[in-house]
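*Asks:* There's a structure below that I have some questions on.
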Protein chains: 2
Amino acid sequence: MLSTDRAPDIRDIREAADRLAGVARRTPLLEAPQINALAGRRVLVKAECLQRTGSFKFRGAWSRLSLLTDEELERGVVAFSSGNHAQAVAHSAQLRRTPAVIIMPSDAPAAKIAATRGYGAEVILYDRENESREDIGAALSEDRSLTLVKPYDDRYVIAGQGTTGLEIAQQAKAAGIEKADVIVCCSGGGLTAGIALALEADAPDLCARPAEPENFDDFGRSLIAGEQVKNAKMSGSIQDAILTPTPGDLTFPVGQRLFGPGFAVSDDEVLSAMALAWRWLRIVVEPGGAAALAAALYRKEESNGDAVIVTASGGNVDRAVFERALKKVKD
Amino acid sequence: MLSTDRAPDIRDIREAADRLAGVARRTPLLEAPQINALAGRRVLVKAECLQRTGSFKFRGAWSRLSLLTDEELERGVVAFSSGNHAQAVAHSAQLRRTPAVIIMPSDAPAAKIAATRGYGAEVILYDRENESREDIGAALSEDRSLTLVKPYDDRYVIAGQGTTGLEIAQQAKAAGIEKADVIVCCSGGGLTAGIALALEADAPDLCARPAEPENFDDFGRSLIAGEQVKNAKMSGSIQDAILTPTPGDLTFPVGQRLFGPGFAVSDDEVLSAMALAWRWLRIVVEPGGAAALAAALYRKEESNGDAVIVTASGGNVDRAVFERALKKVKD
């Protein structure tokens with residue numbers, strides 16, 4: 001059995017990069033003069049929406065699944081997710097030819113459920129009001145001995161997500177940037193922690209900082225409080241991909257040691273950021289994936305320096321929500 | 001004076017690649033299993049919509065402008081274009097710190113005019129009905145001795161666009177593809193010719209084939225006729241970026257020697273291709289930039305083999321047109 005219940009070190013991240021080579025995409029670091037002008041400094045956008053399955057989650061899922069033993073592969077994997085982690089685990093399992101069971105809330109967007117099934121996963125829907133996904137998952141794990149793939153509190157998942165940071169370190173250097181904030185769309189903190197650990201080793205003057213939805217900025221508030229605080233609510237933002245109750249147990253200590261202060265952005269700001277990314281970067285970003293760009297654009301007084309780097313973490317978005325973002329385009 | 005009025009050879013293309021290094025982007029070759037399933041084979045998408053200024057045109061413009069002498073730079077450049085070439089020349093001129101005059105039709109999309117001005121160019125609008133852009137351009141060239149940057153019938157412009165082909169050759173090999181059609185959105189034929197010349201040298205089993213709008217497939221029909229034939233009309237398709245009256249004088253002989261048969265696709269098919277690119281590749285493609293993907297999806301019986309490569313040549317699209325494409329998304 002692998003010991004998954006500690007945070008990765010830089011060696012774990014480099015080993016994950018080896019496993020991801022030729023499987024995950026090395027996503028581009030994009031820049032547009034029009035966005036720079038609006039933000040008042042260079043804004044470099046790590047376009048993880050172009051990653052396989054449309055989000056950075058593929059890196060963590062593949063990192064974990066690539067370590068499964070033949071016996072584990074024969075039994076299969078299980079994950080809980082309403083969106084990007086679901087698709088990442090499903091597609092990784094498809095590539096590893098192992099069965100995947102994804103437990104999704106019955107009110108998840110139909111398009112995300114269909115996409116997850118499209119990657120060959122068995123999707124089990126549960127009623128958020130009356131059923132416990134943990135009970136369903138525990139029963140499945142017991143009956144079928146499936147390996148649970150956690151979305152962030154797993155050493156190898158964080159290590160895979162941290163490969164984003166290795167690439168940012170190289171790409172920032174190539175772009176002539178040595179010192180800057182790296183603003184990361186933050187949920188449980190796996191991507192932010194992974195990036196922070198990679199930057200600590202490869203680009204120590206780049207500082208990872210979490211961006212979260214207003215009223216759901218548990219990580220930013222926890223950093224200030226010095227302990228894991230919870231959000232008051234679990235729904236009420238279109239930034240669905242980054243609504244988690246509280247920082248992860250593995251990611252929070254990394255955050256305390258390495259993260260800069262957090263940002264909190266509104267849904268309206270995120271829709272405007274999506275519109276600008278559509279127009280000037282020609283990428284499709286979902287609300288939760290646009291929080292960091294929104295922070296660069298609308299919290300500029302909270303950063304210093306000539307440049308900032310942001311993650312565009314995902315691009316799985318419903319048409320209706322995207323149409324709302326397009327309404328923000330000024331013609 | 002440079003001799004610009006012949007087609008480039010492979011050495012010209014490799015030299016252009018040297019000049020473009022660190023300036024133009026090496027765009028990714030994207031793939032999505034959902035699009036592969038619809039097309040019945042692998043479809044690899046060269047995402048030039050992620051290029052600087054949002055289209056491959058930047059490669060040709062920079063290739064040409066990077067060769068200007070100090071005297072030419074002092075005087076400036078002039079170009080005719082309603083869209084992507086306009087922005088590419090304007091931004092290249094901005095980077096080279098030389099004045100740019102762009103002659104655009106007064107009925108060009110307001111967003112494209114604004115973007116061109118945003119790159120610092122002087123935009124001169126003319127009335128398509130009552131004025132001749134050639135007369136305006138000739139007067140400007142004479143008065144101010146500006147260097148005319150042609151959109152395709154220029155050795156160094158084609159060479160710059162051909163760098164796309166050098167990258168496709170490398171990326172296809174890395175993706176395990178040795179033999180395939182390379183379908184290219186085709187207007188005057190500069191991109192298709194440049195790619196064909198690059199592939200001839202670096203990947204001779206990849207075959208460049210032009211994709212054009214239905215009723216505006218002058219290149220495809222010219223290849224069959226053995227001479228440069230003209231389209232009956234000059235407007236009437238949303239694929240505005242690839243409506244030209246007839247193949248270029250430099251590009252047509254390259255096409256006769258190297259191109260495979262052409263494709264013609266409808267506006268409706270192009271809108272569906274844009275919707276699929278939005279959903280599964282998370283890129284923004286304009287109508288004229290989606291013709292090749294539409295050919296891969298809706299003319300599949302006209303290709304052979306396990307894989308096809310297509311260019312997504314540009315992503316500068318009005319909101320209203322993009323909203324029409326989104327209507328094609330099946331939720």
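The values are calculated or read from the model by the stated rules, or taken from the named source; none is laboratory data. Since we're looking at a predicted model, the values are computed, not measured. Please note: Cβ atoms are built from the backbone with ideal geometry, for glycine as well, and neighbour counts cover all protein chains shown.
*Asks:* Pairs under 7 Å by beta carbon, first residue within 8 Å of another protein chain (Cβ to nearest Cβ) and closer than 16 Å to A:Lys46 by Cα in the range B:22-34, partner assigned to a loop (DSSP other than H, G, I, E, B) and of a type in the set (D, E, K, R), six or more apart or different chains?
*Replies:* The qualifying pairs are B:Pro28/A:Arg25.
*Asks:* Identify, from the list A:Gly120, A:Gly76, the residue that is surrounded by fewer than 18 Cβ atoms within 10 Å (Cβ to Cβ), farther than 21 Å from A:Gly188 by Cβ and either in contact (Cβ under 8 Å) with a residue 24 or more places away in the chain or assigned by TED's automatic domain parsing to the domain that holds A:Arg26 (or both).
*Replies:* A:Gly120
Results for (1) closer than 30 Å to B:Ala275 by Cα; (2) not in a strand (DSSP E or B), shown as yes or no for each residue.
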position: A:Val101; (1), (2): yes, no
position: A:Met104; (1), (2): yes, no
position: A:Glu131; (1), (2): no, yes
position: A:Gly137; (1), (2): no, yes
position: A:Asp153; (1), (2): no, yes
position: A:Ile158; (1), (2): no, yes
position: A:Thr164; (1), (2): yes, yes
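*Asks:* When residues of the range B:127-152 are filtered for being crowded, with 20+ Cβ neighbours inside 10 Å and either hydrophobic (A, V, I, L, M, F, W, C) or over 20 Å from B:Gln94 (Cβ atoms) (or both), how many remain?
*Replies:* Matching residues across the range B:127-152 total 3.
*Asks:* Same structure, new question: If I go through the range A:195-214 residue by residue, how many of them are assigned to a loop (DSSP other than H, G, I, E, B) and within 19 Å of the chain's Cα centre (by Cα)? Let's see the steps before the verdict.
*Replies:* The initial filter retains those residues of the range A:195-214 that are assigned to a loop (DSSP other than H, G, I, E, B), namely A:203-205, A:214.
Narrowing the set further to residues that are within 19 Å of the chain's Cα centre (by Cα) leaves A:214.
Selection size over the range A:195-214: 1.
Quick grid of which residues meet (1) away from chain B (no Cβ under 14 Å); (2) free of Cβ contacts under 8 Å to residues at least 40 places away in the same chain; (3) among the basic types (Lys, Arg):
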position	(1), (2), (3)
A:Arg282	no, yes, yes
A:Glu302	yes, no, no
A:Ile309	yes, no, no
A:Leu326	no, no, no
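*Asks:* Would you point out the residue of the range A:3-16, among those that are buried (at least 20 other Cβ atoms within 10 Å of the Cβ) and of a type in the set (Gly, Ala, Ser), that is farthest from A:Asn304 (Cα to Cα)?
*Replies:* Looking at residues that are buried (at least 20 other Cβ atoms within 10 Å of the Cβ) and of a type in the set (Gly, Ala, Ser), I get A:Ala16.
*Asks:* Please note which helices (runs of 4 or more DSSP H) are completely contained in the range A:260-329 and include at least 3 residues that are surrounded by fewer than 24 Cβ atoms within 10 Å (Cβ to Cβ) and more than 21 Å from the chain's Cα centre (by Cα).
*Replies:* Hits in the range A:260-329: A:319-326.
*Asks:* Examine the range A:266-278 for a residue that is under 25 Å from A:Ala225 (Cα atoms) and either touching a residue at least 40 places away in the same chain (Cβ under 8 Å) or more than 9 Å from chain B (Cβ to nearest Cβ) (or both), and state whether such a residue exists.
*Replies:* First, pick out the residues of the range A:266-278 that are under 25 Å from A:Ala225 (Cα atoms): A:266-267.
Checking which are either touching a residue at least 40 places away in the same chain (Cβ under 8 Å) or more than 9 Å from chain B (Cβ to nearest Cβ) (or both) leaves us with A:266-267.
Taking every residue of the range A:266-278 in turn, at least one turns out to be under 25 Å from A:Ala225 (Cα atoms) and either touching a residue at least 40 places away in the same chain (Cβ under 8 Å) or more than 9 Å from chain B (Cβ to nearest Cβ) (or both).
*Asks:* Please count how many residues of the range B:47-82 are within 14 Å of chain A (Cβ to nearest Cβ) and not basic (Lys, Arg). Full working, then the answer.
*Replies:* Pass one, the range B:47-82, residues within 14 Å of chain A (Cβ to nearest Cβ): B:47-58.
Next cut, not basic (Lys, Arg) only: B:47-51, B:53-56, B:58.
Of the residues in the range B:47-82, 10 are within 14 Å of chain A (Cβ to nearest Cβ) and not basic (Lys, Arg).
*Asks:* Additional query: How many residues does the range A:117-167 hold that are within 14 Å of chain B (Cβ to nearest Cβ) and more than 30 Å from A:Thr27 (Cβ to Cβ)?
*Replies:* 0
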